[in-house]
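Have a look at the structure below before the remarks.
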Amino acid sequence: MTEKFQSNNNIVYSCKYHIIFCPKYRRKVLVSAIASRLKELLATIAIEIKVEILEMEIMPDHVHLLIDVDPQFGVHRAVKRFKGATSRYLRLEFPEALKSVAFVMD
């Protein structure tokens, strides 16, 4: 298997992270239209922040992401952006379905 390395001005890196997050109390709200919209939002945000999503799976009660992140940007910033923006946009677009659901990290 060939390893794909990336570089910037200072370093050569290959930092892959498996991120899992879920709705509060693992409520099964990530279905049908919400799941497809969440997938679109995650892809859009990844392009904006220059993070590569290698794999993505959305289950009814949690989300799996395998991402490749520049270590100088930091995985914490990527997760903060993914969770914050998707929560905000999904709550605006699906207010009744997500009325009392908050995202927490597993």
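Every read-out reported here was derived from the displayed coordinates using simple, explicitly stated rules and does not represent laboratory data. Everything numeric in this text was worked out from a predicted model, so none of it was measured. Heads up, the Cβs are rebuilt from the backbone with ideal geometry, glycines too, and the neighbour counts pull from every protein chain shown.
Side notes on the structure shown:
- The label point for S36 and the one for E52, both projected 7 Å from the Cα toward the Cβ, are 2.9 nm apart.
- The three principal axes of the C-alpha atoms in segment 39-81 carry coordinate ranges of 32, 17, 16 Å, sorted with the longest axis first.
- Charge dipole magnitude, Cβ of K and R +1, D and E -1 - the chain, Cα centre, debye nearest 20: 480
- Lysines with Cα under 22 Å of K4, excluding same-chain neighbours fewer than 8 positions away: K16, K50
- Fewest-first ranking of Y89, Y25, using other Cβ atoms within 10 Å as the exposure measure: Y25, Y89
- Ascending count of other beta-carbon atoms within 10 Å, so fewest first, for K83, K16: K16, K83
- Secondary-structure-derived ellipticity at 222 nm for the chain, considering helices only, amounts to -11500 deg cm²/dmol, per-run term -39500 (n - 2.57) for DSSP H runs with n ≥ 4.
- Which labelled figure in (1) 7.1; (2) 9.1; (3) 8.6 is mean projected area of the Cα convex hull in nm², once derived from the coordinates: (1)
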